[in-house]
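Worksheet: one structure, shown below.
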There are 2 protein chains.
Amino acid sequence: MPRVLSETDVADFRERLCEAAERLFAERGPDAVTMRQLAAELGVSPMTPYRYFEDKDDILAAVRANGFSRFAEALETARASVVGARAVGSAVGKAYVEFALSNPHAYKLMFDFNQPNTEKYPELVAAGLRARKTMTAHVEDALKEGLMEGDLQQIGLMFWAAVHGAVILDLAGMLPPGGSQQLFQSLDAALTRGVRPQD
Amino acid sequence: MPRVLSETDVADFRERLCEAAERLFAERGPDAVTMRQLAAELGVSPMTPYRYFEDKDDILAAVRANGFSRFAEALETARASVVGARAVGSAVGKAYVEFALSNPHAYKLMFDFNQPNTEKYPELVAAGLRARKTMTAHVEDALKEGLMEGDLQQIGLMFWAAVHGAVILDLAGMLPPGGSQQLFQSLDAALTRGVRPQD
DNA sequence: CCCTTATAGCTTACGATGTAAATTTATTTC
DNA sequence: GAAATAAATTTACATCGTAAGCTATAAGGG
């Protein structure tokens with residue numbers, strides 16, 4: 001027990017704990033994510049995490065923020081992998097769905113609306129905004145390229161709502177498994193046609 | 001304590017308990033919905049509900065099924081209020097959003113993907129299907145009227161994903177409050193244009 | 001070098017929750 | 001009325017998040 005925790009010590013512990021939480025979420029479901037289990041995973045007593053986090057909600061907020069960061073990275077990678085607003089839109093949407101389907105627990109936690117006062121966790125808000133920005137940046141390009149017509153924010157929200165809706169139906173088991181990939185393709189095609197400049 | 005509970009006694013108790021649960025959800029949030037609180041609302045001891053429900057999940061499933069029924073009714077009313085596939089689509093979508101915004105707790109519970117094995121509760125599944133059917137029935141009409149072109153199921157899912165996505169963004173506080181109404185209008189217009197027969 | 005002091009971590013303890021098990025109460029049947 | 005039985009209550013327990021107090025270590029001052 002070193003007398004003082006350096007900042008990297010703190011950051012280290014927080015990171016290890018978040019990893020443990022993500023592991024428990026993924027492998028044993030949300031109910032397995034208890035303070036006692038988390039502590040056990042780190043080989044530490046149940047109260048120790050309280051030195052590094054305010055409370056359990058604080059831990060979950062950190063996990064969610066982590067999720068949004070990885071999410072944003074996945075989207076940014078997709079965005080950089082192709083050229084042309086149309087292709088970027090499809091690629092980002094595809095990456096979106098892929099992330100959600102291969103990290104269902106993370107995705108569910110990230111967008112769980114039963115989670116408390118998001119406003120209390122600025123890191124979480126920032127990570128969310130970063131993901132959102134990438135997700136809709138291509139709309140701006142599409143508008144510039146004359147592929148779309150209308151309000152930037154509104155069109156961005158339309159695409160976001162569409163992917164998110166498709167993914168959620170999938171995760172809720174209301175589609176043939178993995179069907180959100182195809183559903184998104186249909187939505188993307190229809191929306192893109194729907195917001196084309198009048199002809 | 002009559003020796004034997006008639007079926008209407010049972011149905012009655014179940015209904016009163018569901019009402020209490022909905023009230024608690026709406027007025028004091030999900031955390032207030034505990035077995036002890038529910039029992040107190042009915043003026044009964046904490047274990048009594050177990051004579052009428054398997055466990056708490058069973059109660060929540062009943063509340064969700066109730067929600068879907070009221071939801072389906074709202075949609076069916078909207079569907080019957082206008083004529084023409086296009087108008088029906090808009091009206092049903094509008095009713096959808098209105099229901100979600102004026103019953104946010106019910107809506108959140110109904111579509112909460114952290115809720116357990118939906119398959120165990122056939123009533124719930126049936127109520128959900130009824131809502132879904134109304135929601136997408138107008139697509140069939142639109143196809144017949146030649147307003148749309150494509151796969152019935154797929155187009156139905158597209159509209160469903162779109163409304164649901166819009167509503168969820170709203171309930172999660174990611175839109176100007178009530179913005180899902182306008183967002184849905186944009187989505188509806190764009191999707192309708194997007195699935196029009198080629199011209 | 002030892003003693004004080006601050007602190008990271010641990011132990012214990014409490015109130016709340018869902019619910020199993022035992023117990024009481026009230027009605028029906030003989 | 002007495003016995004039987006089903007409804008309801010009471011009691012009890014494991015588990016949860018976490019408050020409070022305690023222990024043991026490392027840093028700093030004489």
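Here, each number is a calculation from the coordinates, and none is a lab measurement. Note that the structure is predicted; figures quoted are calculated from it, not measured. Here the Cβ positions follow ideal geometry from the backbone for every residue, glycine too, while neighbour counts run over all protein chains shown.
Please give the Cα centre distance for segment A:137-195 versus segment A:1-78, rounded to the nearest Å.
Cα centroid to Cα centroid, the span is 32 Å.
So which DSSP H runs in chain A come out at 20 Å plus along the axis (Cα) with average Kyte-Doolittle of at least 0.0?
Those that pass (Cα extent of 20 Å or more, hydropathy at least 0.0) are A:85-102, A:152-171.
Chain B: which residue's Cβ hugs the B-to-A rotation axis most tightly, distance rounded to whole Å?
Of all Cβ atoms in chain B, the one nearest the axis gives B:G165, 1.
Once R0 is set to 35 Å, what does the formula 1/(1 + (r/R0)^6) return for the Cβ-Cβ distance between A:V125 and B:V82, expressed as a FRET efficiency to the nearest 0.05?
Efficiency at R0 = 35 Å is approximately 0.30.
Considering only the label points, 7 Å along Cα→Cβ from Cα, what distances in nm to one decimal separate A:Q185 from the same position in each other copy, shortest first?
Values, ascending and in nm: 3.4.
Once the label point is set 7 Å along the Cα-to-beta-carbon vector, what list of distances in nm do you get between A:G29 and its counterparts in the other copies?
From this label point to the equivalent ones elsewhere in the assembly: 2.5 nm.
Measuring from a point 7 Å out along Cα→Cβ, what nm distances, shortest first, does B:V4 have to its partners in the other copies?
Computed spacing set for this position: 7.9 nm.
If you count, for each residue, the other Cβ atoms within 10 Å and average over each peptide, how do A:154-162, A:125-133 line up from highest to lowest?
Result, highest mean first: A:154-162, A:125-133.
Return the FRET efficiency for the residue pair B:E140, B:E73: r is the Cβ-Cβ distance, R0 is 25 Å, and the value is rounded to the nearest 0.05.
The calculated FRET efficiency here is 0.80.
Would you order A:K120, B:K94 from fewest to most other beta-carbon atoms within 10 Å of each residue's own beta-carbon?
Fewest to most other Cβ atoms nearby, the residues stand as A:K120, B:K94.
No solvent, one uniform scatterer per C-alpha: report log10 I(q)/I(0) for segment A:73-194 via the Debye equation at q = 0.19 1/Å, two decimals.
Evaluating at q = 0.19 Å⁻¹ gives log10 I(q)/I(0) of -1.08.
Determine which residues of segment A:103-144 fall in the zone a paramagnetic label at B:F113 would reach in this model, i.e. backbone nitrogen under 16 Å from the point 7 Å along Cα→Cβ.
A:103-115
Averaged across the residues of B:149-157, what count of C-beta atoms belonging to other chains lies within 10 Å of each residue's C-beta?
3
So, in nm, how far is label B:Q37 from label B:D58 when the simple model puts each one 7 Å beyond its Cα toward the Cβ?
Roughly 2.2 nm, to one decimal.
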